[in-house]
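The values are calculated or read from the model by the stated rules, or taken from the named source; none is laboratory data. Source: prediction; values computed, not measured. Counting neighbours? That spans all protein chains shown, and the Cβs are built from the backbone with ideal geometry, glycine included. When the accessible area is computed, the model is the full protein with side chains, heavy atoms only, and any ligands, DNA or RNA have been set aside. Shrake-Rupley method; radii C 1.70, N 1.55, O 1.52, S 1.80 Å.
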Amino acid sequence: MSNNNNNKALYLTDYNANDKPWDDHRGECDDVGGLYAAAADFERYAVRMADCSCLLRFGWSNNAETGETRLRLREAIFCRVRNCPVCQWRRSLMWQARFYQSLPKIVEVYPSARWVFLTLTIRNCEISELGSTLNAMNIAFKKMTKRKEFKPVLGWIRTVEVTRGKDGSAHPHFHTLMMVSPSWFKRDYVKHSRWISIWQECLRVSYEPNVDIRPVKTKKFDEERFESITTALQGVVAETLKYAVKPSDMTKDSSWFLELTRQTFKRRFVATGGILKNVLKLEEESDADLALADNVPDGEADDGSRLAFAWESTERHYKRSPKQDKQSENK
Ligand SMILES: [Zn+2]
């Protein structure tokens, strides 16, 4: 929909159908906030989540090259509760954007490096054992990084995901994106079965844990190498830097989810190492960072307009709220 005929547009999705994820995630935020509201020890999370991204201010952006005009989010305020579905979605987009921003430089310095996606699991545990299980996994991972088989790893990003087992157990696992020296595939090649034993030894368990190791297929060096690496990495980067807990798992079983919240209190779910140590800038997370997370405003002019959309819980939609429009202070 264009700038000029928006009189009838009521909802954010009438302006831009691509903004539907806002309605979806903000709706999930209400659902998860509702679970916290019903638990005395987490009411404060519910209060913060109720205020999360209640008002979004978008600006019209003009792409000089294509002549296309579209709304881009410019301002919002976020709650930063760890399991807030909106915040974890924005954080995931922000981290992905930062990763891709750093990538050209990394590829320039390490043109022959390759990428490997490693998933490390452990047997499901009781949800009440999640904290101690994650401790054990962290120790095991640290041990693994010191093994000689890990030597060709130049840098890595590791995230935690916890899914809910059908029986109400917890399934914590690590997603690890590793940038490796080309020798990883030649003289340092380690078979999948060997990775299972290594992870088993590091975990000090008596069974063979599931380990999945997947090289990312990138083309041989050519002038489009950077493009091809970015394309090839898209799937694994999204998989590594996604949510830690699926919102549908949060709402499936409230006692499971509340116990998960207790078990993961103040725990870091993202770790980075080697030359990828600072690519995500984990400490930097302002409202603007989260708001602009998926913006690629290169060559796009911000005209300073600010159209407000307010969250309507009962309708589960962001609705146009002209009263709260304003002009950008920067303009
Ligand atoms: Zn939030």
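Condition first: within 14 Å of Thr121 (Cα to Cα) and either open to solvent by 50 Å² or more (accessible area, probe 1.4 Å) or touching a Pro at 6+ places or on another chain (Cβ under 9 Å) (or both). Now tell me which residues in the stretch 137-170 satisfy that.
Listed by number, the residues that qualify are Met137, Asn138, Ile139, Val160, Glu161, Val162, Thr163, Arg164.
Tell me, yes or no, whether the stretch 40-60 has at least one residue that is open to solvent by less than 60 Å² (accessible area, probe 1.4 Å), modelled with pLDDT of 95 or more and away from the ligand (no atom under 16 Å from the Cβ).
Initially, the stretch 40-60 is screened for residues open to solvent by less than 60 Å² (accessible area, probe 1.4 Å), giving 42, 45-46, 49-50, 52-60.
Still in the running and modelled with pLDDT of 95 or more: 42, 45-46, 49-50, 52-57.
Checking which are away from the ligand (no atom under 16 Å from the Cβ) leaves us with 57.
Yes, because at least one residue in the stretch 40-60 is open to solvent by less than 60 Å² (accessible area, probe 1.4 Å), modelled with pLDDT of 95 or more and away from the ligand (no atom under 16 Å from the Cβ).
With respect to Val109, determine if the residue is away from the ligand (no atom under 14 Å from the Cβ) and open to solvent by 40 Å² or more (accessible area, probe 1.4 Å). Spell out how you get there, then give the answer.
Numbers: away from the ligand (no atom under 14 Å from the Cβ): yes; open to solvent by 40 Å² or more (accessible area, probe 1.4 Å): yes.
Yes, satisfied.
Quick check on Leu130: is it within 17 Å of Thr240 (Cβ to Cβ), of a type outside the set (S, T, N, Q) and either buried (at least 19 other Cβ atoms within 10 Å of the Cβ) or in contact (Cβ under 8 Å) with a residue 60 or more places away in the chain (or both)?
Numbers: within 17 Å of Thr240 (Cβ to Cβ): no; of a type outside the set (S, T, N, Q): yes; either buried (at least 19 other Cβ atoms within 10 Å of the Cβ) or in contact (Cβ under 8 Å) with a residue 60 or more places away in the chain (or both): yes.
No, not satisfied.
Would you check if Gln88 is of a type outside the set (Lys, Arg), within 16 Å of the ligand (Cβ to nearest atom) and either assigned to a loop (DSSP other than H, G, I, E, B) or within 24 Å of Leu282 (Cα to Cα) (or both)? Show your work before the answer.
Values: of a type outside the set (Lys, Arg): yes; within 16 Å of the ligand (Cβ to nearest atom): yes; either assigned to a loop (DSSP other than H, G, I, E, B) or within 24 Å of Leu282 (Cα to Cα) (or both): yes.
So Gln88 passes the test.
For the stretch 15-37, which positions are at pLDDT 95 or above, farther than 14 Å from Leu73 by Cβ and either away from the ligand (no atom under 12 Å from the Cβ) or open to solvent by 60 Å² or more (accessible area, probe 1.4 Å) (or both)?
Asp24, Gly27, Asp31, Gly34, Leu35, Ala37
Taking the stretch 284-304 as the search range and keeping residues that are modelled with pLDDT of 90 or more and part of a loop (DSSP other than H, G, I, E, B), which one is surrounded by the most Cβ atoms within 10 Å (Cβ to Cβ)?
Glu285
Quick one: would you say Trp195 is in contact (Cβ under 8 Å) with a residue 12 or more places away in the chain, farther than 21 Å from Leu241 by Cβ, aromatic (Phe, Trp, Tyr) and open to solvent by less than 20 Å² (accessible area, probe 1.4 Å)? Step through it out loud before you land on a result.
On the way: in contact (Cβ under 8 Å) with a residue 12 or more places away in the chain: yes; farther than 21 Å from Leu241 by Cβ: yes; aromatic (Phe, Trp, Tyr): yes; open to solvent by less than 20 Å² (accessible area, probe 1.4 Å): yes.
So Trp195 fits the description; yes.
Could you grab the pairs with beta carbons closer than 7 Å, sequence gap of 6+ or different chains, first residue in the stretch 76-89 and over 14 Å from Gly27 (Cβ atoms), second one among the basic types (Lys, Arg) and surrounded by 23 or more Cβ atoms within 10 Å (Cβ to Cβ)?
Phe78/Arg90
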